[in-house]
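Okay, structure first, notes after.
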Amino acid sequence: MDIQDIDHVELYVGDVQQSAFYLCTALGFRVAGQGGPETSLPDDRSLLLRHGRIQLLLTSGLNPRSAAAQYVARHGDGVSSLAFTVEDAKAAYEQAISRGATSVAEPKTFTDGETTVVIAEVIGFGDVRHRLIERHGARDEFLPGVIGMLTQDVEDGDNLLDVVDHIAVCLPAGTLTETVQFYRDVFDFDQIFEEYIEIGDQAMDSKVVQSKSTTVTFTLIEPDSSRRPGQIDDFLARHDGAGVQHLAFLTDDIVGSVETFADRGVQFLSTPASYYDALQERLGRVDLGVEALRRTNVLVDRDHWGEVFQIFTRSIHARGTYFLEVIDRHGAKTFGSGNIRALYEAVLRASESPANAG
């Protein structure tokens, strides 16, 4: 299947204006379009945000009948749709259905005469859907007749972020293998990494799947049910099932980006001093320097191709589920196991701190 990249990510949220304000003020996103009852969305209010090549569609329900309102009531704010750009949406949809995917919406065409967009939808995992999107015409136009584009120059800004690097997904225990097989069978993804992580008497299993184009990457995680329940179990309970734990945004200057975002009020997970004290012994010299990483709490690891630098935000949601990641790749194509362990430990510390109690 010809999956080219992530076209956009839709999040269902309780308050679209408040969510957009945080993303724009703290992370530098810009409002590029909007939709609602005046643009053929009778039950919803949507805002399209852009930063670099990232497109986030935020949607809030205007009444209890709305799918967005029902999603938020069950899961809280979170990712509802992950959209793939394809060459031929109808062919991709038919191929996905023939391979075992469940249909949500058959292909539908939206056009204003200059731009044409074809969209079909299938179920991914939990209540998260995959849109298959075919675009012709102006790339700045998002969805003719549904999202009205704003006239201001949305390219103004710092452009610290580029693309969605990967998406981390929490799955119920016992479903990891079948989910990996689903993405291999339906979307032609390859499994490129796997890791079993033990932290004290907790443990989790993770596998990474990636599109043939290498531009769509999912980190799939399930808890080990034979061990003491941990943070993955907490996510599944608070989110009420499988869902996206975090979105990772790629930057080419993680130290500068983190310092800028922190100045704007973004709270990142902290890392113990001992992590940096042992870093040179574990990895030797790293590109960005230990002191810069220590100052910003950025993690670093290696794979066969290079180094990867990562940091994770604190969740700002009441359920403590969904959060964000900033990642910078210096040649690395996958993930170092040390960073996966460090993330698990950082989230565990945050969940046990008084500020996040309850």
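Coordinate-derived values only; no laboratory data. The model shown is predicted, which means the values in this text are computed figures rather than measured ones. Here the Cβ is made from the backbone with ideal geometry for all residues, glycine too, and neighbour counts use every protein chain on show.
Once the Cα-Cα distance is subtracted from the 0.36 nm per residue extended length, the Glu178 to Asp140 segment shows a gain of 10.0 nm.
The modelled label-to-label distance for the pair Asn63/Arg341, using points 7 Å beyond Cα in the direction of Cβ, is 5.5 nm.
Judged by the mean number of other Cβ atoms found within 10 Å, the most tightly packed of the peptides 324-331, 106-113, 262-269 leads the ranking 324-331, 262-269, 106-113. Projected label points at Ser98 and Ser225, each 7 Å from Cα along the beta carbon direction, are separated by 3.5 nanometres.
The smallest convex shape that holds all Cα atoms of the chain, its convex hull, gives 133 Å³ per residue.
Rounded to the nearest 500, the 222 nm mean residue ellipticity of the chain from helices alone is -7500 deg cm²/dmol, with -39,500 (n - 2.57) taken per DSSP H run of at least 4 residues. Of the residues Gly145, Gly289, Gly243, the one that moves most in a GNM of the chain with alpha-carbon contacts below 10 Å is Gly289.
Under 5 Å between amide H atoms, partner at least 5 residues away or on a different chain: which partners does His166 have, H built in plane at 1.01 Å? Residues meeting the criterion, in which the H sits 1.01 Å from N, are Ala248. Annotation for segment 18-43 versus segment 154-230: alpha-carbon center distance of 28 Å.
For segment 189-326, the spread of Cα coordinates along the three principal axes comes to 39, 35, 34 Å, biggest extent given first.
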